[in-house]
1. Say we look at the stretch 403-424 and pick out the residues that are surrounded by fewer than 19 Cβ atoms within 10 Å (Cβ to Cβ) and more than 17 Å from the chain's Cα centre (by Cα); which of these is modelled with the highest pLDDT?
2. Yes or no: residue 491 touching a strand residue (DSSP E or B) at 6+ places or on another chain (Cβ under 7 Å), part of a helix (DSSP H, G or I) and either modelled with pLDDT under 85 or in the same structural domain as residue 345 (by TED's automatic domain parsing) (or both)?
3. So, in the stretch 548-570, how many residues would count as being assigned to a helix (DSSP H, G or I) and surrounded by 11 or more Cβ atoms within 10 Å (Cβ to Cβ)?
4. I'm told residue 357 meets every condition in (1) part of a strand (DSSP E or B); (2) at pLDDT below 90; (3) at positive phi except one. Can you identify the failing condition by its number?
5. Test residue 538 against the criterion of being closer than 29 Å to residue 285 by Cβ, in a helix (DSSP H, G or I) and at pLDDT 85 or above, and give yes or no.
6. In the stretch 373-380, is there at least one residue being at pLDDT below 90, surrounded by 13 or more Cβ atoms within 10 Å (Cβ to Cβ) and within 22 Å of residue 39 (Cα to Cα)?
7. From 345, 321, grab the single residue that is more than 30 Å from residue 160 (Cα to Cα) and assigned by TED's automatic domain parsing to the domain that holds residue 455.
8. Could you list, in sequence order, the residues of the stretch 310-346 that are buried (at least 23 other Cβ atoms within 10 Å of the Cβ), assigned to a strand (DSSP E or B) and more than 17 Å from the chain's Cα centre (by Cα)?
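The values are calculated or read from the model by the stated rules, or taken from the named source; none is laboratory data. A quick note: this is a predicted structure, and the numbers were derived from the prediction, not measured. Neighbour counts run over all protein chains shown; Cβ positions are idealised from the backbone, glycine included.
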């Protein structure tokens, strides 16, 4: 006989204005259950957790809790008001606490590496998250309600939390965008979709196939319903299913890219990258050679080298504070290394999306932000109608003309990404782009980055996202060591072997080359050195000429006015493009030869 639930909801309804968020929700949480709660941004997941926690916000329905059952919540935004120290904040969750000195408080704060005497106002985003997790866990409640627990956490802390919850004796409900986290921890799935909660009594790994089957059945039934229902469900089901199908092909292509990248990277455990041969259609985007950076006595990066080619997708991982953003800034030329050199390829046009993300004007509409007063915008080198582009990012037609302030947080993140990814670029730099994004938006981002024709540098703690996207992973361990591994996060785990960080660091340090001033260096020779100096100017001039020719040939009346001129420009465009390809190839060959000769 099944145990009675610790918590249960019956007939829960909740409306926000004229929008139905929860429509007669029924669910129960039994002792020891491990549930994931999933749904699109704005579906009402956080609202449902608040109602489970006992907040009286539902319009109707009932909540039942077993007498004596204890419930703890982890909100997305912890409130430290009234707590002078982190210790006081955590101890407030204990009814019988002896204050911040309570042994249970001290033990958990040691586990999450926080100083209990610290003022909560001085905590970073990751530290605030760890403090809130400690507060949720300290009383060992019967039910844990965790809303985006991995937000702002680094990978070591995520892995610690997974171990903690794996050994947890109570029940928990997880809301998270981190697919790997959910797959590792949940044994059943609650799917909140259009106000209704459906339950799958299997792990999260089977959720996508199950939900797709439901959407397939609904798609068949939709033909019998009116056009309004069809429009409302189209982007919730059909397009997501289509993206999943397309992603299977992308993952196969990613496997081929990783094979190529593996040939360019030296043996695992070495900080120096072997010389690789660029593809005919590619060019060297970034070359870093023996770069180091220190802040005071602390080593951020020591003796790191890499070559990054066009269409590479490079992931950077490591603990918070390990120096990922510092290394990223050095690789794109924003920050000079203390020693070593970084060389950027010709005509790089970067677009940077940092952790803070630029604010959106709340009074402007998505249409205005993307295209101002125009109907079209340039996306990946082609004109696209603004509505078509917004639909790709799951916006409904009516939202295009609504002020940004009416959008949910996830929808605003989608708009920021849509704007950044539409801008002309051949180098995308993304620092923690997956924070606060739901699974659907992560699919959209992965799809856009997979289609992108340039180079991607990505800092992320999302293991599943890294596995789906990157061709190689640069791991920073926090001691100045940075090592590049072919493949995504799972490949990195296999290649690094047992987590013995101190064993890897000495090997890397031993490979530092001694000063070479005593030995004469081979040189390219006068003609080659002159060509290497002049080629970037030649490449830039050809780019300018090609852009001018393309602009002239877009004139629809040019052929009628000047047929001979049209033919001459067309012929010159073809010749200039051939010259550009030859110049870029020559520059790449000379640059690789120069670095090989210099040791």
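1. Step by step, filter the stretch 403-424, then rank; the result is 403.
2. Values: touching a strand residue (DSSP E or B) at 6+ places or on another chain (Cβ under 7 Å): yes; part of a helix (DSSP H, G or I): yes; either modelled with pLDDT under 85 or in the same structural domain as residue 345 (by TED's automatic domain parsing) (or both): yes.
Criteria met by residue 491.
3. Narrowing the stretch 548-570 to residues assigned to a helix (DSSP H, G or I): 548-553, 558-561, 563-570.
Remaining after also requiring surrounded by 11 or more Cβ atoms within 10 Å (Cβ to Cβ): 548-550, 552-553, 558-559, 565-570.
Number satisfying all stated conditions: 13.
4. Just one mismatch for residue 357, condition (1).
5. On the way: closer than 29 Å to residue 285 by Cβ: yes; in a helix (DSSP H, G or I): yes; at pLDDT 85 or above: yes.
Taking the combined requirement at face value, the residue satisfies it.
6. No, the stretch 373-380 contains no residue that is at pLDDT below 90, surrounded by 13 or more Cβ atoms within 10 Å (Cβ to Cβ) and within 22 Å of residue 39 (Cα to Cα).
7. Values: 321 fails: more than 30 Å from residue 160 (Cα to Cα).
Going through 345, 321 in turn, just one is more than 30 Å from residue 160 (Cα to Cα) and assigned by TED's automatic domain parsing to the domain that holds residue 455: 345.
8. none
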